[in-house]
Each structure stands twice: as C-alpha cells, then as structure tokens.
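Report on the following structure.
The values are calculated or read from the model by the stated rules, or taken from the named source; none is laboratory data. Bear in mind that the values here come from a model prediction, so they are computed numbers and not experimental data. All Cβ positions, even for glycine, are placed from backbone atoms using ideal geometry, and neighbour counts span all protein chains on display.
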Amino acid sequence: MDDFAFKKGHTYGTMICDLQTHKPLALLPDRRPETVTAWLQMNPFVQVVSRDGFTAFRQGITQADSSIRQIYDRFHFIRNAKKQLDTCAASIVPAKITWSDSTDAAEEIPLTRAEKQTRDRQKRKWELVQEIQEAFKRGKNLSRLAREYDLDWRTIQKYTKMKGPPNYQRQRARLTDPFNERMRKLEKEGNTVKEIYSALQIEGYTGTYSGVRTFVQSIRKDRKHNTSGEKVLSISRR
C-alpha cells in the first residue's frame, strides 16, 4: 500500500498491489483512513500489508482489522534506521576527524602579490649592485659611479663591498613577540582575529590590531600550505 499524486502537493490517491504478483489490486481516490478501512473491509482476505510510515494508512488498516500484520517497507525502514544512526553518531563522533602523516618534504608556499614585488625589487637591486661592481673593477672610481648612477658615493662604496644579494627581511622586535605562543593557542581554539586581539589587550598587549592580524594570517598560511612537513588527513562524520 502506497500513496501517489494526482496533483503533487494537493491531491493524492492510494495504490494497493499484490505483494506476490506485483499487480495492482485497487486505486483509491484519496488516502484518508476511512477510505482504506472501507476497502479492506470489502476484501477480508488481506492478512499482511506492507506500508510506509504514513499515519493514515496505519490507522485505516487497524480500524479495518487489528489482526492484519503491518510491515514497514524495506526502503523506509532502511532510511529511518539511517536517520537514527546519524543522530546517534552526531552525539558521539566529531564532525571531522583529522590526523597527521609525516611527509618527506613540505610543499613550496606560493608567494603573495606583495612578496612577489619584494622579490622582484631585490632581484633588480642585486643586478644593479653587480653592474656597479663590474664598473668599479674596470677602474671607475666612486665619485664617477655616484654621478653616473645618481647615488651617494657612500652607497656606491657599500655596493662595491657586497658579497651577495641584499637581505631585506629586517628582523626587529615587535610588540606581538611576547604573545606569539598565546596567539597560536587562541587561533587553534577557533578564535577570530578580533577575539584574539581583545584577549591580548586584557593580558597587557599595547600594540596595534594589524600586528595581531598579520601574525594570525601567517599562522593560517603556514597551516594551509603545510610548512611543517606533515600531511594532514581528515574524514568527515558523514
């Protein structure tokens, strides 16, 4: 026994089929309990009915003959069993399970637009330094080189003594440095940058919001590109 739509969402009928021959026995004009009851009472040979969870069918069959065995059909039984399993799993299994697997080497992190610009400036600067050094070796003095390149002679002197590309990554103390581990912990717990900044202010941080944001972004970038060399695997509860 199952319902079908004359007009989906508005008008439904009931189809009754033989479980052994799979041939239809009746098409009822609606799916009301009294309609089902009336048909079963006119056909007292029915002993077993397979149905879904529709309440009207259960009521109609029971009213017709309480001795009729009502069997929940396989599709709806499995679907509802899965729903119960999902509900149970949601209470005992986290939404996502993650674990780490060591890898031979971490993937190279793609540069941001600003980092690419800095890299390109460094490359051009080193090319200029090498050009000045070659000219100096050919006999041009500091004063002449300063005029030709429109630079201070002290800068030219510094360039002639350089042994390798300049390092523009200036290491200086930041107000965030004493709070680095604290920020890592707060970020790992799922706090936003704003929440981390507020927490640090309570703990004595006097620096800027942008300083906190920059550090937190670096944490997330490292995690995204797996700079630790560990491969993070995950599987969802679903």
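Any idea how many residues of region 34-62 are of a type in the set (D, E, K, R) and over 20 Å from His22 (Cβ atoms)?
The number of residues fulfilling the criteria is 2.
Return the only residue of Leu25, Leu19 being in contact with a Cys (Cβ under 9 Å, 6 or more places away or on another chain) and in the same structural domain as Ala64 (by TED's automatic domain parsing).
Residue meeting the stated conditions: Leu25.
Scan the helices (runs of 4 or more DSSP H) fully inside region 142-238 and keep the ones with 2 or more residues being farther than 30 Å from Leu128 by Cα, at pLDDT 85 or above and acidic (Asp, Glu).
180-188
If the Cβ limit is 7 Å and pairs must be 6+ apart or interchain, which residue in region 184-196 that is of a type in the set (Asp, Glu) pairs with which residue that is surrounded by 11 or more Cβ atoms within 10 Å (Cβ to Cβ)?
Glu187/Ile196; Glu187/Val216; Glu187/Ile219
Select the strands (runs of 3 or more DSSP E) contained entirely in region 1-103, then report the ones holding at least 2 residues which are in contact (Cβ under 8 Å) with a residue 24 or more places away in the chain, touching a Leu at 6+ places or on another chain (Cβ under 9 Å) and loosely packed, with under 13 Cβ neighbours inside 10 Å.
96-102
State whether one or more residues within region 36-45 are under 49 Å from the mean Cα position of the chain (by Cα) and of a type in the set (Val, Ile, Thr).
no
Give the residue, chosen from Val193, Val216, Val212, that is touching an Asp or Glu at 6+ places or on another chain (Cβ under 7 Å) and either surrounded by 10 or more Cβ atoms within 10 Å (Cβ to Cβ) or of a type outside the set (D, E, K, R) (or both).
From the options Val193, Val216, Val212, the qualifying one is Val216.
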